[in-house]
Amino acid sequence: MIPKYTVEYSIQFRTHAPVQHYSTDDPVTCEQFIEELLERQFRIVSIKHEGVALERPDFDRMVKNAASMLASRHICAALHIKPEEERFRFGFAA
């Protein structure tokens with residue numbers, strides 16, 4: 001059975017960058033994984049839904065949501081505020 005979401009990413013080494021795969025059936029879990037990739041500055045090769053690469057707008061939406069979650073987490077940590085206050089003040093998704 002094909003997983004609903006598959007993220008292909010690579011970790012840059014000195015001489016090569018092998019492509020790794022992460023799969024899940026949950027879109028929120030997929031966005032959380034993308035958030036982790038953004039945090040670690042790993043290269044996102046592709047995001048697939050049921051084996052088909054996402055179109056540019058859908059790809060961009062998932063990356064934007066993950067980036068918002070990352071920004072929210074960093075703001076909460078830096079300002080020592082709760083996610084509810086961050087959302088009210090800055091508007092990122094918690």
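The table for this structure:
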{"quantity": "Contacts under 6 angstrom Cβ, first residue in the range 1-14 being within 14 Å of residue 63 (Cα to Cα), partner in a strand (DSSP E or B) and among the small types (Gly, Ala, Ser), 6 or more apart", "calculated": "6/23; 8/46"}
{"quantity": "Candidates 71, 67, 53, 77 - the one that is surrounded by fewer than 16 Cβ atoms within 10 Å (Cβ to Cβ) and under 18 Å from the mean Cα position of the chain (by Cα)", "calculated": "53"}
{"quantity": "Within the range 23-94, helices (runs of 4 or more DSSP H) holding 1 or more residues that are at pLDDT 95 or above and aliphatic (A, V, I, L, M)", "calculated": "27-40, 56-79"}
{"quantity": "Qualifying residues in the range 1-22 (those that are charged (D, E, K, R) and not in a strand (DSSP E or B)) - the one surrounded by the most Cβ atoms within 10 Å (Cβ to Cβ)", "calculated": "4"}
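The values are calculated or read from the model by the stated rules, or taken from the named source; none is laboratory data. Computed from a predicted model, the values in this text were never measured in an experiment. Reconstructed Cβ throughout: ideal geometry from the backbone, glycine too, with neighbour counts over all protein chains shown.
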